[in-house]
Amino acid sequence: MSRALGKSSLVLLLAVPMVCCGKSQSGATSWEASKSQAAILQAFRERASPRDLREFDRLCALGDPVSQTRATEMVLFKLRRDELAKIGVTQVIQDTRVDWAIAWCCYSTETRTAILQAFKRHRVEAFASCGLNRAGWYVAREEFFRAQAILLDSNVEALGVEIVKPAFRLP
């Protein structure tokens, strides 16, 4: 796959579950999702260093949006690819970088231009993997939540762009 901004290549797109309105696309209930969230936090606590655990607890205690986002990143960054997929995050490894899908859409000049312009204004590097008239847009995982906010603010959802929203929230 090409990593250059705006370049695309053919890939097989994967369907991933997301929780919405009590049921995920895979049929999981909200209770199953909350059970999954407990398992995710348990996995994080088992894999994190004592220093990471202290930092996580500190960030959670602060409660501001930036700290909450950073704490969520700490949890999600410890998950394996299969665990991420269960909460709606598609991960690919590019060269030396780990990328996460940030959006899915029908590929068109209009959606391509809107997404690229939104990211360009904020200097976020992204790429699209396209096939069968569908596109998956990817960013470095460290840029995921910033890219998500950028796309939400840019109103690309009005063009049919599905912005990835992980089915995980801190308690």
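No lab work stands behind these numbers, since they all come straight from the coordinates. Since this is a predicted model, take the numbers as computed values, not measurements. Please note: Cβ atoms are built from the backbone with ideal geometry, for glycine as well, and neighbour counts cover all protein chains shown.
Numerical summary
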{"read-out": "Hits in the stretch 144-160 (condition: surrounded by fewer than 21 Cβ atoms within 10 Å (Cβ to Cβ) and more than 13 Å from Leu76 (Cβ to Cβ))", "value": "Arg146, Ala149, Leu152, Asp153, Ser154, Asn155, Glu157, Ala158, Leu159, Gly160"}
{"read-out": "Pairs where the first residue, in the stretch 133-157, is on the phi < 0 side of the Ramachandran plot and the second is assigned to a strand (DSSP E or B) and among the basic types (Lys, Arg), C-beta under 6 Å, 6+ apart", "value": "Ala140/Arg97"}
{"read-out": "Candidate set from the stretch 84-102 (those that are among the hydrophobic types (A, V, I, L, M, F, W, C) and in contact with a Phe, Trp or Tyr (Cβ under 8 Å, 6 or more places away or on another chain)); member that is farthest from Phe168 (Cα to Cα)", "value": "Val92"}
